[in-house]
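Please read the structure below before turning to the comments.
The values are calculated or read from the model by the stated rules, or taken from the named source; none is laboratory data. Everything numeric here is computed off the predicted structure, so don't read it as measured data. With ideal geometry, Cβ positions are generated from the backbone for all residues, glycine too; neighbour counts draw on all protein chains shown.
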Amino acid sequence: MPADDPASPACLAHEADDAYMGFATREEIVQLLAELEAASDGQRADMLRRMLPRIRDDVLHAELSARLAAIGGTDSKT
């Protein structure tokens with residue numbers, strides 16, 4: 001094994017795709033955004049609470065957290 005090869009698969013975790021690492025895929029995020037438009041406030045809050053832990057992008061996470069806070073779901077800092 002060459003010296004520059006990673007010692008274990010965990011060393012390659014940063015190269016894995018989002019779905020493999022448990023994060024939402026682009027398709028899942030697009031679907032969520034479309035479904036949010038048709039949902040009631042209570043449904044939106046539930047949908048956002050379930051999806052937020054799976055959002056990897058910091059900017060998108062902040063925007064969705066702000067949406068949740070705006071409908072009274074939680075503090076926007078969470």
Residue in region 29-38 that is under 15 Å from the mean Cα position of the chain (by Cα), free of Cβ contacts under 8 Å to residues at least 40 places away in the same chain and within 22 Å of HIS14 (Cβ to Cβ) present: yes
Residue list for region 1-31, filter: at pLDDT 85 or above and part of a helix (DSSP H, G or I): ARG26, GLU27, GLU28, ILE29, VAL30, GLN31
Condition check for ARG26: free of Cβ contacts under 8 Å to residues at least 12 places away in the same chain and not hydroxyl-bearing (Ser, Thr, Tyr): yes
Residue that is farthest from ALA19 (Cα to Cα) [pool: residues in region 37-55 that are surrounded by 14 or more Cβ atoms within 10 Å (Cβ to Cβ) and out of contact with any Gly (no Cβ under 9 Å at 6 or more places or on another chain)]: ALA39
